[in-house]
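Student: This is the structure I want to talk about, given as C-alpha cells.
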Amino acid sequence: MSDAIYGGIEGGASNSCAVLYNAQGEELALVRGPHTNHWLLGMDGCHERIHNLIVAALKQANLPPDTTLRTLGLSLSGCEGEETCEEMKAGMAAKYPHMSNHYVVWSDTVAPVIVAHEEGGVVLISGTGTNALLINPDGSQSRCGGWGFLLGDEGGAFWIAHKLIKVYIDEQDNFEQPPHNYSTEKAWECVKKYLKIENRFDLLPHFYRNFEKSEIAGLTKELAEVAKQGDLLCRWVFSEAGRTLAKHLLAVSPDAHPSLLEFEGGLPVVCIGSVWNSWDLLKPGFVDQLDSADRSCLSEASLIQLNTSVASGATYLAAESIGFRLPRNHSNKFKVFFHYQRNKKV
C-alpha cells in the first residue's frame, strides 16, 4: 500500500499537533491546534478537535478531505488508564469511521520516546503539568505523576505559577515568610501585569469564577524572564521545579532494564514540554536532587530534546500496531542537551 497515509496526534493540556506521513516515511503535513484533553473538554469535544486537526492536516497536504488514513495514533494528555483509552478509541471509530481504518490511543507519555529510542527510555514531561514514564525494551513500564493540578503536576508550569502566587499571598497574610526572606516585589509585579490585576483579591476570579488552567500556566513564561534577570525568588521556584522533576526521574529509574543504562550517555530521558525551555533555571535543583539521592538509583543519564513533533512518534506506533514499520531517520530528530554523571556536571 505505497499510497497509504499514516497520521498521528500529540494532544497536550494546552495545545495539540497533528502530522501526516506517506508510506515512505515522508512528512506531508504538520498542523497545530488547541488542547485535546478530555478531562477539560469532555469526550465529545475531544473527538471533534481531533477530527478538525486531521481535516486541517489533509488540507495542508493537498489531499482530498474524504481521505481515509490507514492508521491514526493518538498520544493524548488525560488518557492514562486502559479503559479511558478504549473509550476514546471506540468514540473516534463510531463518530468518524471513514477518517481512519485503525485507531490507537495512548497517554501523552508513550509516543515521545519512540522518536528518539525505539528500544525504550524515559519520557519526562513538564508542560502545563508533569508526568514521567519509563518504557523498557520488553514493553514493561513504570510511571510517576500525571495526576493533574489538583493531585500533582509538581514541577509543571501551573505548579510554578501557583507556588509563587501562594508565596506572595502567605507573606501578605503574615502566615509565612518567603523562602530565605527573598523579596516578592518583582514576582508580584509580573503577576499583576500578566493577569491585569491591581491587588491580591483580584486573583479570586482568575482562580475560581473564570478559572483557566492554561492561563495560569502561561504566567510561568513571564516569571522565567524575571528569573533570568536575577530575581532570587523566581530563581528559587524554578530550582525547586527542577528538583521535583528529578524526583520523577528517580521514581521510575530503578525499574529500568540494565540495557537502557548501558546506552552511550546512560539512561535516555526525553524531555517534553515548554518548562524545559528554562533548563538553565531548572538545572541547579535538578542536579542537586540527583546528586543527593541514593547512589544506587541513577549514576548517568542523557537529557534529550526532540527536533520534531511527538505526533511523529504516535504515527510510528500506530503503523507498527498493524505490522508496518514506517521508515525513519532518528539522527536528525533529537539532540542531547545535558549529560548527567553523578557529582559531575557536563
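The values are calculated or read from the model by the stated rules, or taken from the named source; none is laboratory data. All values derive from a computational prediction rather than experimental measurement. Heads up, the Cβs are rebuilt from the backbone with ideal geometry, glycines too, and the neighbour counts pull from every protein chain shown. Accessible surface areas use protein heavy atoms only, side chains included; no ligands, DNA or RNA. Shrake-Rupley method; radii C 1.70, N 1.55, O 1.52, S 1.80 Å.
Student: Could you give the accessible area per residue of segment 165-283, probe 1.4 Å, as a whole number in Å²?
Tutor: It amounts to 53 Å² per residue over segment 165-283.
Student: Which far-off residues, 5 or more places away or on another chain, put their amide H under 5 Å from the one on V105, with H placed in the peptide plane?
Tutor: Correct list: L74.
Student: Name the most mobile residue of N136, N37, N52, meaning the one with the largest mean-square fluctuation, in a Gaussian network model of the chain with Cα contacts below 10 Å.
Tutor: With Cα springs under 10 Å in the chain, the top fluctuation among N136, N37, N52 is at N52.
Student: Compute the Cα gyration tensor for segment 228-316, then decide on rounded, prolate or oblate, letting a ≥ b ≥ c be the square roots of its eigenvalues: rounded whenever a/c is under 1.5, prolate when a/b is larger than b/c in the other cases, and oblate in all that remain.
Tutor: oblate
Student: Could you list the square roots of 5 times each eigenvalue of the Cα gyration tensor of the chain, that is, the equivalent ellipsoid semi-axes, sorted largest first and rounded to whole Å?
Tutor: 36, 26, 16
Student: The chain: longest stretch without exposed GluC sites (Glu not before Pro) (DSSP loop, at most 10 other Cβ within 10 Å), sites themselves excluded? Show your work: numbers first, answer last.
Tutor: Details: sites that count: E26, E198, E262, E264.
Result for the longest clean stretch: 27-197.
Student: Right, something else. If the elastic network links every pair of Cα atoms under 10 Å, which of P205, P65, P258 fluctuates the most in the Gaussian network model of the chain?
Tutor: P205
Student: Another one. Would you please state the base-10 log of I(q)/I(0) at q = 0.17, 0.18 1/Å for segment 54-205, with intensities from the Debye formula using one equal scatterer on every alpha carbon?
Tutor: Taken in order of the listed q values, log10 I(q)/I(0) reads -1.01, -1.06.
Student: Which one of G230, P137, G148 is farthest out on the positive end of the charge dipole of segment 123-249, using unit charges on Cβ (Lys, Arg +1; Asp, Glu -1) and the Cα centre as origin?
Tutor: P137
Student: Still on this structure, please answer the following. Take the chain, mark every one of the chymotrypsin sites (Phe, Trp or Tyr not before Pro) that falls in a DSSP loop and has at most 13 other Cβ within 10 Å, then report the longest stretch left between them, sites excluded.
Tutor: Segment 1-174 is the longest.
Student: Cα centroid distance between segment 293-328 and segment 3-26, in Å?
Tutor: 15 Å
Student: What are the residues whose amide H is under 5 Å from the amide H of T184, where those residues sit 5 or more places off or on another chain and H is modelled from the backbone?
Tutor: Sorted by chain and number, the residues that satisfy this come to none at all.
Student: Which one of H35, I50, Q24 is farthest out on the positive end of the charge dipole of segment 1-55, using unit charges on Cβ (Lys, Arg +1; Asp, Glu -1) and the Cα centre as origin?
Tutor: H35
Student: Relative contact order of the chain: what whole-number percent is it, with Cα pairs under 8 angstrom and at least 6 residues apart?
Tutor: 20 percent
Student: Between N210, N22, N62, which gets the highest mean-square fluctuation from a Gaussian network model of the chain, Cα cutoff 10 Å?
Tutor: Highest fluctuation among the options: N210.
Student: Rounded to the nearest 20 Debye, what is the dipole magnitude of the chain about its Cα centre when Lys and Arg each give +1 and Asp and Glu each give -1 at the C-beta?
Tutor: Working: 30 positive and 41 negative charges, 132 e Å.
The dipole of the chain has a size of about 640 debye.
Student: If you project the alpha carbons of segment 1-76 onto the principal axes, what extent comes out on each, in Å, largest first?
Tutor: Between the extreme Cα coordinates on each principal axis of segment 1-76 lie 38, 21, 18 Å.
Student: What aspartates and glutamates does K186 reach when the alpha-carbon gap must be under 19 Å and sequence neighbours fewer than 8 apart in one chain are set aside?
Tutor: Partners found: D170, E171, D173, E176, E198, D202, E222, E225, D231, E240.
Student: When the accessible area of the chain is computed with all protein chains present and a 1.4 Å probe, what percentage of it is carbon and sulfur?
Tutor: 48 percent
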